Each structure stands twice: as structure tokens, then as C-alpha cells.
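**Q** Here it is: the structure, laid out below.
The values are calculated or read from the model by the stated rules, or taken from the named source; none is laboratory data. All figures in this text were calculated on a predicted structure; none of them were measured in a lab. Here the Cβ positions follow ideal geometry from the backbone for every residue, glycine too, while neighbour counts run over all protein chains shown.
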Amino acid sequence: MRLRDKVAIVTGAGSGFGEAIARRYAEEGAKVIVNDVDPASAKRVAGSIVQEGGKAAAQQGDVTQSAQVKAMVQCALDQYGGLDIVVNNAGYTHVNQPMLNVDEETFDRIYAVNVKGIYLAAVHAVPVFRKQGRGGCIITTASTAGLRPRPGLTWYNGSKGAAITLTKSMAAELGPEKIRVNCICPVAGDTAMLHKFLGGDTPEHRARFIATVPMGRLSKPIDIANAALYLASDEADFITGVALEVDGGRCI
């Protein structure tokens, strides 16, 4: 097993990419803290992992709130005695629309979840990594939107650009302590937020978007989970500061 006995926190793991990552990690031997802002979703995923023979605990929490992120890290320490991996997967977006139509409250929420969430995870997880003295791994779900921005998602694009730059800067700063920091850049996937990215989930909108992906489909949660598994594994021991495109060629 590629993550045997490692302890991982996955935020936004109650559905979509995060759920797939949590499940994939558990399959490979990790002990997983399943975080979601919706407690029922977190409990559902964690309970299902346990039923299938894995190790998982649910932890409700809003990644924009420092006390709740601290509690999430403490849950890992209390439940499993350590922490090895943090996956910043929780994300938020606005509906695809002209940039000036996005209201300030939505803008603030996007940057709180997609950018401040990375900051708070580092504030509470990095000291634990340092105290343990064995390094650590931080992975963020960024987006192709941060690499190849297009009209209609301007403020979301910017938040994911920030996530990519933060990944590279954190990797440079934390590398000497063997704390690896990487991010994944998925193309739009068949998840609960797809209708926002497309400006409405219709067959026509899907077809128009898929036509821009050389491999001819949306991403699947398992695509992102497999990339997150690799980046968290010992096989990626010398990989840090990478923004890994999982996009079927969208960014070419």
C-alpha cells in the first residue's frame, strides 16, 4: 500500500474530487480525516470508508475559520497520533458570467475558501510537521483556470492563480524542512459545481466545453484522486512546487 499508516486530512471531502481523494487514500492504507463544511456529507463518506475496511473519521469544519482548521488538525493528532498529508481541496466559485456581475459577498467567499484556506492550513499544519521532524506533504486542488484563464470566471481564475503561486512559494520556503508542496490543476469535472463553471449544465454547454479538451471529456474524480495519490506517495519524494495539469490536454 502506497500510503500505509500515513495520516491525511482532506478538506471538502464530502463529495466530488475530495471524496474520491479520501477514498483513494484509504484504499492505499492512509488514515483519513474527512473534512467538509456539511457534517452529514463528512459522516457519510467517513462511514462508508470504515464500512469498506478503511480508517477514517469525520470532522466538520469551515476552512475559512482558523479555530475550525485548528480543530481539524487536532482531530488528526487525537485520532491517529500524527499528521503527514494535508489536501486543500475545498473550493468555491461563482457562476460563469461577466466579471462585474459578481457581487462582493461572493468574491469574498471565493478568496476566503480558495486562498485563505491554504494560509490557515499552513498556519496549523506546518508547526505539526516541524515538531514531528519527518517532513510533510501539502497538496492543493487548484485548476486549469489558474493557468489558462478564460472570460466568465475572472475572480475564480484569480483565486486559483494565487493557489498556484502560493504552492510554488511555499515549496521553495519549506523544501529545506522536507515539507513538499504541490497542486493539481484539473479541467472541469462532473461534480456539483459544474453548472457554475459552464453557466448552466446543459447538453449544449457540455458539448461546447468538451470540444476544447483534446481528449474529449470532462475530468472524473478518480483522475484527480490518482494524481493526489501519486503526489502524496513516497514515489514523489523529490517532487515539490509542481502544478500538475490533469486536464486531457486543455492547457496545451
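**Q** Can you pull out every residue in the stretch 36-48 that is over 20 Å from Thr64 (Cα atoms) and either buried (at least 24 other Cβ atoms within 10 Å of the Cβ) or β-branched (Val, Ile, Thr) (or both)?
**A** Scanning the stretch 36-48 gives Val45, Ala46.
**Q** What are the pairs, 6+ residues apart or on separate chains, where a residue within the stretch 164-191 that is over 24 Å from Leu153 (Cβ atoms) has its Cβ under 7 Å from a residue that is in a loop (DSSP other than H, G, I, E, B) and among the β-branched types (Val, Ile, Thr)?
**A** Filtered contacts from the stretch 164-191: Ala171/Thr240; Gly175/Thr240; Arg180/Ile239; Arg180/Thr240; Val181/Thr240.
**Q** Given the criteria acidic (Asp, Glu), surrounded by fewer than 16 Cβ atoms within 10 Å (Cβ to Cβ) and within 30 Å of Val7 (Cβ to Cβ), does Asp190 qualify?
**A** Spelling it out, Asp190 is indeed acidic (Asp, Glu), surrounded by fewer than 16 Cβ atoms within 10 Å (Cβ to Cβ) and within 30 Å of Val7 (Cβ to Cβ).
**Q** Being out of contact with any Ser or Thr (no Cβ under 9 Å at 6 or more places or on another chain), at negative phi and outside any helix (DSSP H, G or I) narrows it down to one residue among Gln74, Gln59, Gln79; which is it?
**A** The match here is Gln59.
**Q** For the stretch 157-200, enumerate the residues that are among the small types (Gly, Ala, Ser), closer than 27 Å to Pro127 by Cβ and out of contact with any helix residue (DSSP H, G or I) (no Cβ under 7 Å at 6 or more places or on another chain).
**A** Scanning the stretch 157-200 gives Ser169, Ala171, Ala172, Gly175.
**Q** Is it the case that the stretch 56-68 has a residue that's in contact (Cβ under 8 Å) with a residue 24 or more places away in the chain, closer than 16 Å to Val37 by Cα, touching an Asp or Glu at 6+ places or on another chain (Cβ under 8 Å) and not small (Gly, Ala, Ser)?
**A** Yes; the residues of the stretch 56-68 include at least one that is in contact (Cβ under 8 Å) with a residue 24 or more places away in the chain, closer than 16 Å to Val37 by Cα, touching an Asp or Glu at 6+ places or on another chain (Cβ under 8 Å) and not small (Gly, Ala, Ser).
**Q** What number of residues within the stretch 151-200 satisfy the criterion of being touching a strand residue (DSSP E or B) at 6+ places or on another chain (Cβ under 7 Å) and at pLDDT 95 or above?
**A** Total satisfying the criteria: 15.
**Q** With respect to Asn88, is the statement that it is farther than 27 Å from Glu235 by Cα, in contact (Cβ under 8 Å) with a residue 40 or more places away in the chain and not basic (Lys, Arg) true?
**A** Here the answer is no, as Asn88 does not meet what is asked.
**Q** From (1) among the small types (Gly, Ala, Ser); (2) at positive phi; (3) more than 18 Å from the chain's Cα centre (by Cα), pick out the condition that doesn't hold for Gly12.
**A** For Gly12, the exception is condition (3).
Here is a yes/no grid of residues against (1) closer than 16 Å to Thr191 by Cβ; (2) out of contact with any Phe, Trp or Tyr (no Cβ under 9 Å at 6 or more places or on another chain); (3) modelled with pLDDT of 95 or more; (4) surrounded by 17 or more Cβ atoms within 10 Å (Cβ to Cβ):
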position: Val32; (1), (2), (3), (4): no, no, yes, yes
position: Val50; (1), (2), (3), (4): no, yes, yes, no
position: Ala58; (1), (2), (3), (4): no, yes, yes, yes
position: Gln79; (1), (2), (3), (4): no, yes, yes, no
position: Ile85; (1), (2), (3), (4): no, no, yes, yes
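**Q** Related question: Would you mention how many residues in the stretch 196-252 are loosely packed, with under 15 Cβ neighbours inside 10 Å and in a strand (DSSP E or B)?
**A** Number of matching residues: 0.
**Q** Further question: Inspect all residues belonging to the stretch 35-47 and state whether any of them is under 14 Å from the mean Cα position of the chain (by Cα) and either of a type in the set (Lys, Arg) or under 19 Å from Ile85 (Cα atoms) (or both).
**A** Yes; the residues of the stretch 35-47 include at least one that is under 14 Å from the mean Cα position of the chain (by Cα) and either of a type in the set (Lys, Arg) or under 19 Å from Ile85 (Cα atoms) (or both).
**Q** Another question, then. Return the residue satisfying two criteria in turn: it lies in the stretch 111-150 and is in a loop (DSSP other than H, G, I, E, B) and modelled with pLDDT of 95 or more, and of such residues it is surrounded by the fewest Cβ atoms within 10 Å (Cβ to Cβ).
**A** Step by step, filter the stretch 111-150, then rank; the result is Gly133.
**Q** Still on this structure, please answer the following. Looking at the stretch 161-195, which of the residues that are outside any helix (DSSP H, G or I) and of a type in the set (D, E, K, R) is farthest from the chain's Cα centre (by Cα)?
**A** In this case the residue turns out to be Lys178.
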